[in-house]
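Trainee: Once you've had a glance at the structure underneath, I'll fire off some questions.
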Amino acid sequence: MHGYAHDHAAKSEQETIVTLEARLLAKNDALAERNRAWFRGREILALNLVSSPGSGKTTLLERAIRDLGSEAFIAVIEGDQATVNDSERIRAAGAPCVQVNTGTGCHLEADMIARGLAELKPPVGSMVLIENVGNLVCPALFDLGEHAKVAILSVTEGEDKPLKYPHMFQASRAVLLNKIDLVPHLDFDVEKAVENARVVNPDIAVFRVSARTGEGLAAWYGWVREQAAAVRASPF
Amino acid sequence: MHELGITRNVVAIASEAAQGRRVLKVTLEVGRLSGVMTEAIRFCFDTVAEGTALDGAELEIREIDAQARCLACGTVYAMPTLFTACACGSRECERLAGEELKIKTIELEEAA
């Protein structure tokens, strides 16, 4: 009888403790994979631009739309906590744009991208540029289904940003050191910034650019073209 | 503050798995390099759980130390930061632990 009672207790405990092993971001990751397959099937290059507020993301996008618009159809998904200012700038530059206001949310998630794509309907072979919410923390964790994240670090920030926000620089395939034309007026150590980015991510591609003067943009566009070619060449 | 959204995911996933039963305790595994602050999860858990199957549930968070295997020399080493190099100097590594972000178990009220 004693054995039975013991077995019964063990069994009831087994029933009340349920092993889930459930990944907390599983839903976002699944939706991101769906976006990724959608992009791949249409040979669309999707880049997720991430940075602190004020790094010059929108200006870089405006330049890219003007400079690359004749080579590829470019559509933009704009994430901001509030206002439609950025999307108005993007449309003025000549690209269709969907603005996602995240409200109190500090990053874009994969379902927001899916909704944006449903509205934008980017054609085969186009480019979708996603401007994430200005924030170097949260967007690193949320896969949107993009081909690559591109971090933008302006030289008016600290050169130790890659060490302070390693998740973001590790998750990014390239970093743009923007506002490089301002370096003569600043104490920003460009080489140190590059070294810090490589400490965190040895494989990261680095481009020194100025969205204002156009300096260095040709090399960055070269990288974008390589990525677009890789997307077209990858088997579905 | 992505922790608020993540805490909502905890409550949503656990509620669904509970299938109508009350959840007495949730145990999370959070890697130290997961990019999530456990304090922030604790801070919002009670509020997010209010009125759900997890109302009043205990929250246990097991923090997992990060470890990596060096791809140059094969050593397994502790990784307190995302960019800790191996003693041999190499940064090329395979991360073995420390990025976990999951619900390990839930404890349910006994079925009536």
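Trainee: Tally Lys/Arg at +1 and Asp/Glu at -1 over every other residue whose Cβ is under 12 Å from the Cβ of residue A:154; what's the total?
Mentor: +2
Trainee: Per residue of B:32-38, what is the mean number of Cβ atoms on other protein chains within 10 angstrom of that residue's Cβ?
Mentor: Per residue, the number of nearby Cβ atoms from other chains is 3 on average.
Trainee: Would you mind counting up the charge near residue A:76? Only other residues with Cβ under 15 Å from its Cβ, with Lys and Arg at +1 and Asp and Glu at -1.
Mentor: Values: positive: A:57, A:63, A:66, A:89, A:91, A:115, A:121; negative: A:62, A:67, A:78, A:80, A:86, A:88, A:119, A:131, A:146.
After counting each charged neighbour, the total is -2.
Trainee: Compute the signed sum of charges (Lys and Arg +1, Asp and Glu -1) over the other residues within less than 12 Å, Cβ to Cβ, of residue A:124.
Mentor: Cβ neighbours under 12 Å give a net charge of +3.
Trainee: Moving on to the next point. Could you work out how far the C-alpha centroid of segment B:22-61 sits from that of segment A:165-236, in angstrom?
Mentor: 38 Å
Trainee: Also: Across all directions of projection, what mean area in square nanometres is found for the Cα convex hull of segment A:32-123?
Mentor: Taking the Cα atoms of segment A:32-123, their convex hull projects to 5.8 nm² on average.
Trainee: For helix A:190-200, report the angle its Cα long axis makes with the longest principal axis of the Cα atoms of chain A; keep it between 0 and 90° and round to the nearest 10°.
Mentor: With rounding to tens, the tilt is 20 degrees.
Trainee: Can I ask one more? Averaged across the residues of B:24-30, what count of C-beta atoms belonging to other chains lies within 10 Å of each residue's C-beta?
Mentor: Working: counts 2, 2, 1, 3, 2, 3, 1.
That works out to 2 on average.
Trainee: When the helix-only estimate is applied to the protein assembly as shown (DSSP H runs of n ≥ 4, each -39,500 (n - 2.57), divided by the residue count), what is the mean residue ellipticity at 222 nm, nearest 500 deg cm²/dmol? Don't skip to the answer; put the middle values down first.
Mentor: Working: 11 runs with 130 residues, N = 348.
Helix contribution divided over all residues of the protein assembly as shown: -11500 deg cm²/dmol.
Trainee: Binning at 20 Å from 0, report for the protein assembly as shown what percent of all alpha-carbon pair distances ends up in each bin.
Mentor: Percent of Cα pairs in each bin: 27, 52, 18, 3, 0.
Trainee: Starting from the Cα coordinates of segment B:16-90, work out the convex hull volume and express it per residue in Å³. It would help to have the intermediate numbers written out before the result.
Mentor: Values: hull volume 7.7 nm³, N = 75.
So the per-residue Cα hull volume is 103 Å³.
Trainee: Still on this structure, I have one more. Ordering A:168, B:37 from largest to smallest accessible area (1.4 angstrom probe), what's the sequence? Display every interim value, and only then the final one.
Mentor: Details: A:168 0, B:37 120 Å².
Descending order: B:37, A:168.
Trainee: Can you give me the convex hull volume of the Cα atoms of segment A:30-233, divided per residue and expressed in Å³?
Mentor: 110 Å³
Trainee: Evaluate peptide B:97-105: per residue, the Cβ atoms of other protein chains within 10 Å of its Cβ; return the mean as an integer.
Mentor: The shielding value for this peptide is 4.
Trainee: Return a whole-number percent for the relative contact order of chain A, with Cα pairs under 8 Å and 6 or more residues apart as the contact set.
Mentor: 23 percent
The values are calculated or read from the model by the stated rules, or taken from the named source; none is laboratory data. Since the structure is predicted, the reported quantities are computational estimates derived from the model, not experimental observations. Reconstructed Cβ throughout: ideal geometry from the backbone, glycine too, with neighbour counts over all protein chains shown. Side chains included, ligands, DNA and RNA excluded: accessible areas come from the protein's heavy atoms. Shrake-Rupley method; radii C 1.70, N 1.55, O 1.52, S 1.80 Å.
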